[in-house]
Amino acid sequence: MNHVMEMMQDRKKWYNTRVDEIKHLHATGKLTQEIMAFFISMFRKENFNVFESYVKDPIFDTGAIVQFRSNIGVDAVLQEQKWSGGTSYYGADTRTMYNLKKKTLMVLGESPPMGGKIYASVYSHKEKQGGSRLYRVLPIGDTKVYIVVEKFLKKCRTKEVKDARK
């Protein structure tokens, strides 16, 4: 639960998620199921989507070979931008998305806390697709690591060639 709360705190944009209050109540031993249910019912939609995505088990393991789904969204890939006020993450440009959509990717692991403001959309969780959990992926044959939303990835179903010489 601490991991879920840290990820929620990291994904907030500008409003309070009350994560600090939940952590304090947990540390003092005063957090009950009723209090937690009350806090969850008070979450905004985006906060609840992040909460639900990180409470569920991840769909992809480290080392999994994946591809993008055909219905890729505008905020499927996050791009880092550094400003004088700190680091921000936005959706990638269309050229990057177009080039990545054709490639096969390998999952390097779940994304660690970003440490900056994430302005990309927070997607709802669906059982088969996943939600707004972030993954670090590496395109096969490339050296740049990308941060991708779980909802837009699928397992690679490319059939292997049994005899490549023919």
For this session: Can you put SER124, SER84 in order of Cβ neighbours within 10 angstrom, beginning with the fewest?
Result: SER84, SER124
Problem set entry | Environment charge at ILE140 (Cβ cut-off 13 Å; Lys +1, Arg +1, Asp -1, Glu -1) | +2
Seminar exercise, completed: Within the chain, excluding any GluC sites (Glu not before Pro) found in a DSSP loop (not H, G, I, E or B) and having at most 14 other Cβ atoms within 10 Å, the longest uninterrupted segment runs 1-126
Problem set entry | Scattering curve values for region 65-155, log₁₀ I(q)/I(0), Debye with Cα scatterers, q = 0.14, 0.17, 0.21, 0.22 Å⁻¹ | -0.46, -0.68, -1.05, -1.15
For this session: Among THR143, THR94, rank each residue by its count of other Cβ atoms within 10 Å, from fewest to most, as a rough exposure measure.
Result: THR143, THR94
For this session: Compute the relative contact order of region 22-129 as a whole-number percentage, counting only Cα pairs closer than 8 Å that sit 6 or more residues apart in sequence.
Result: 31 percent
For this session: Return TYR90, TYR123 ranked ascending by Cβ neighbour count within 10 Å, so the fewest neighbours appear first.
Result: TYR90, TYR123
Seminar exercise, completed: Taking only the alpha-carbon atoms of region 2-55, the convex hull volume per residue, in cubic angstrom, is 71 Å³
Exercise. Over the chain, one equal point on each Cα, no solvent: what is log10 I(q)/I(0) by the Debye formula at q = 0.12 Å⁻¹?
Worked result: -0.59
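Values quoted throughout were computed directly from the atomic coordinates according to the rules given, and no laboratory measurement underlies them. Since the structure is predicted, the reported quantities are computational estimates derived from the model, not experimental observations. For neighbour counting, all protein chains shown are included, and Cβ atoms are generated from backbone atoms with ideal geometry for every residue, glycine included.
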